[in-house]
1. What is the calculated FRET efficiency for residue 159 to residue 33, with r their C-beta to C-beta distance and R₀ = 30 Å, to the nearest 0.05?
2. By the scheme Lys and Arg +1, Asp and Glu -1, what is the net charge of all other residues having a beta-carbon under 13 Å from that of residue 67?
3. Is the shape of the range 12-100 rounded, prolate or oblate, going by the alpha carbon gyration tensor and its root eigenvalues a ≥ b ≥ c, with a/c under 1.5 for rounded and a/b larger than b/c for prolate?
4. Based solely on its DSSP helices, what 222 nm [θ] is calculated for the chain when runs of n ≥ 4 H residues each add -39,500 (n - 2.57) and the sum is averaged over all residues, nearest 500 deg cm²/dmol?
5. To test your reading of the geometry: what angle, between 0 and 90 degrees and rounded to tens, separates the Cα axis of helix 70-86 from the longest principal axis of the chain?
6. Any idea what angle helix 110-121 forms with the longest principal axis of the chain, computed on alpha-carbon atoms, 0 to 90 degrees, nearest 10?
7. I want to check a number: in the chain, how many lysine pairs have alpha carbons closer than 16 Å, given a sequence separation of 8 or more or different chains?
8. In µm²/s, what is D for the chain at 37 °C and 0.692 mPa s, where D = kT/(6 pi eta Rh) by Stokes-Einstein and Rh is the Kirkwood radius from Cα pairs?
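Readers should treat all values here as calculations from the given coordinates under stated rules, not as data from a laboratory. Remember, predicted model here, so these are calculated numbers, not experimental data. Glycine also receives a Cβ, built like all others from the backbone with ideal geometry; neighbour counts cover every protein chain displayed.
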Amino acid sequence: DFLFPPKCMFCRKVLRIGQKGCCDVCREKLVVDTPPRTGVHFTTCYAPMRYEGSVRDALRRFKFEDRPGYATELGSILAGCIRTHYAGQYDVITWTPVSEKRLRQRGYDQAMLLAMAAALALDDVAVETLKKCRDTPAQSSLENADQRRSNVVGVYEIVDPELIAGKRVLLIDDIITTGSTLEEASNTLMKAGAASVMAA
């Protein structure tokens, strides 16, 4: 810390001794109670931050600039949102996975790290329920909602149906924009027998 003082992942200012991940100012300013999104196959999706400005920059570093360590703080922030909106309402925590090709390129699955960090902060565990069976262009590279929807159709498979049969599933992803990824993953889970899917 003396040689490489830790910085806030959002504003990039040097943190005070004992602080990790995010400064108090950014936590106060950026963590907000956003209105829920609703879907066709998932009941609701709550997000603790808006994907704009310094939040967008931090999430892009997390995904594309080799910052897997961001997952700890982001998971803690997400866990607070889950406690507020979903306490006692889910049986299984899982995530929307990346393809094997993307995993090799990036070296980690950011949604998996986020789900595991959030689960740890909730004294729970995240389990793998989905596999992305086809590599597709990044959603962020597509211009409109129709392209994003068609890009993810049929890309997920269930790992073990017994893990989710009759269960209320909490599905975690790093970013929601059009909701296409969450819809497709939720549809796959519901078809495999999940009782319900909620998202964060």
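1. The computed FRET efficiency comes out at 0.35.
2. Cβ neighbours under 13 Å give a net charge of +1.
3. On the way: a/c = 1.80, a/b = 1.43, b/c = 1.26.
Verdict is prolate for the range 12-100.
4. -11500 deg cm²/dmol
5. 60
6. With rounding to tens, the tilt is 70 degrees.
7. Step by step, the pairs that qualify in the chain add up to 8.
8. Values: Rh = 17.3 Å.
Estimated via Stokes-Einstein, D reaches 190 µm²/s.
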